[in-house]
Amino acid sequence: AKSKGAGSYAIFDDQLRERAMQKLQVTSALRDALNNREFELHYQPIVDATTERTATYEALLRWRHKGMLRTPGYFIEVAESSDIIIEIGAWAINSACEQLARFWQETADRPAVSVNLSARQLRDESFVDVVAAALAKNELPPSALWLELTETALIDDHDVALTILNSLSSMGVTICLDDFGIGYSALSNLNKYPIDIVKIDKSFIATLGSDSTQNAKDRVLVNSIEAMSNALGLVTVAEGVESTDQRQQVRNIGCRYAQGWLYGLPQPRFAPAATTESIDDL
Ligand code: C2E
Ligand code: CA
Ligand code: CA
Ligand code: CA
């Protein structure tokens, strides 16, 4: 930018100011959204890869705003860049627990619910109380709750994050490492933090069903993640399973759980995966 002269700095400044304004506007819209109850959770089944019974439901945040149903891609980055995400996150945990408790009253099944966390929620130890209170209030055992975090949440302030995760883990909550294999993956995280479940990022699953060298290479990676996880006493979820080919490969590789459009889309209620075939058909 330097070579373009002083004028470009002014433009850059304007753009920065505009972006800051936009961020402020979205942040205040998010606050209104919380007050006006515009957030919803949609639930996607995570199934046992062999039996296809739903083990848990991942709660995915939605914002019903101006007649549109917004997915997190539209707002989560701004939300996560301010402390509003702490409130949204607490709302999500409470809401998910409340809805799960209601679902348990309606069925004999006892699936869990899995809630996504962001980095800021792991910076203050009072988060442990938020979780404990949500479970207690809804009379749910800690095993009913899975929490999903990505490795970006572990980069800074890792002492607090470690303390929080250790507390949650010893309470009996299941800790999942989300989007594993991309971004800031550090294998040592698997030992340093009390991780129970590794969610293999959907980008590795995407090519599994296709007949290509990328398929072969990604299969090596998924196989390796599976083997390593098993050796460490962890189990895996294959994310983003869309085709029956991918399902077959994920089964062959031995992933304990699977999730994706093939089994069920995110829906505004707990809807079990449509079992597409019986085990006898395999
Ligand atoms: P994620 O945790 O990796 O969630 C999986 C995303 O993949 C979801 O997108 C889901 O709708 C989508 N998905 C599910 N099955 C398939 C499939 O078979 N193929 C493909 N291509 N995609 C599939 P969504 O709902 O738009 O959420 C995006 C991200 O937003 C999530 O990624 C998560 O990082 C974040 N997020 C969602 N809810 C929350 C929340 O309550 N709190 C926080 N902090 N983040 C959230
Ligand atoms: Ca997730
Ligand atoms: Ca993921
Ligand atoms: Ca296995």
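Observations on the structure shown:
- Residue-averaged [θ]222 nm for the chain, counting only DSSP H segments that reach four residues, each worth -39500 (n - 2.57): -13500 deg cm²/dmol
- Extension gain for Trp91-Ala132 works out to 13.4 nm (0.36 nm per residue, less the C-alpha to C-alpha distance).
- Annotation for Arg110 and Lys192: the two label points, set 7 Å from Cα along the Cα-Cβ direction, are 3.5 nm apart.
- Normalised contact order of the chain, rounded percent, pairs of Cα under 8 Å and 6 or more residues apart: 20
- If the chain linking Glu139 and Ile11 were pulled fully straight, counting 0.36 nm for each residue of separation and taking away their Cα-Cα distance, it would gain 40.5 nm.
- Residue ranges 46-55, 162-171 sort as 46-55, 162-171 when ordered by packing (mean number of other C-beta atoms within 10 Å per residue, highest first).
- Where both bridge residues fall in the chain, DSSP classifies roughly 45% of the beta bridges as antiparallel.
- Annotation: per residue accessible area for the stretch 195-282 equals 49 Å², rounded to a whole number [probe 1.4 Å, protein chains only].
- Residue ranges 203-213, 109-119 sort as 109-119, 203-213 when ordered by packing (mean number of other C-beta atoms within 10 Å per residue, highest first).
- Accessible area (Å², 1.4 Å probe, nearest 10) - Thr27: 30
- Cα-centre dipole for the chain with unit charges at Cβ (Lys and Arg positive, Asp and Glu negative), debye to 20: 560
- 11 Å beta-carbon shell around Glu58, net charge (K/R +1, D/E -1): -2
- When the stretch 123-282 is described by a simple charge dipole with +1 on each Lys and Arg Cβ and -1 on each Asp and Glu Cβ, the residue from Ser188, Val131, Gln248 located farthest towards its positive end is Gln248.
- Applying 1/(1 + (r/R0)^6) with R0 = 30 Å to the Cβ-Cβ distance of Ala227 and Ser170 gives a FRET efficiency near 0.60.
- Alpha carbon centroid spacing (whole Å) that separates the stretch 57-80 from the stretch 147-226: 23
- Normalised contact order of the stretch 217-268, rounded percent, pairs of Cα under 8 Å and 6 or more residues apart: 36
- Ranked by how many other beta carbons lie within 10 Å on average, peptides 90-101, 129-140, 12-23 from highest: 90-101, 129-140, 12-23
- Neighbourhood net charge (12 Å Cβ-Cβ; Lys/Arg +1, Asp/Glu -1) for Ala20: 0
- Ordering Thr107, Ile93, Met68 by the projection of their Cα atoms onto the charge dipole of the stretch 1-110, which places +1 on the Cβ of Lys and Arg and -1 on the Cβ of Asp and Glu, puts Met68 at the extreme positive end.
- Annotation for Thr71 and Arg251: the two label points, set 7 Å from Cα along the Cα-Cβ direction, are 2.7 nm apart.
- By accessible area with a 1.4 Å probe, ligands and nucleic acids excluded, highest first: order of Trp261, Trp63, Trp104: Trp261, Trp104, Trp63
- In a fully extended conformation the segment linking Met21 and Ser212 would gain 64.1 nm over its present Cα-Cα distance, using 0.36 nm per residue.
- Radius 13 Å from Cβ of Glu38, net charge of other residues (Lys, Arg +1; Asp, Glu -1): +4
The values are calculated or read from the model by the stated rules, or taken from the named source; none is laboratory data. Source: prediction; values computed, not measured. Neighbour counts run over all protein chains shown; Cβ positions are idealised from the backbone, glycine included. Keep in mind that these areas ignore ligands, DNA and RNA; they rest on the heavy atoms of the full protein, side chains included. Shrake-Rupley method; radii C 1.70, N 1.55, O 1.52, S 1.80 Å.
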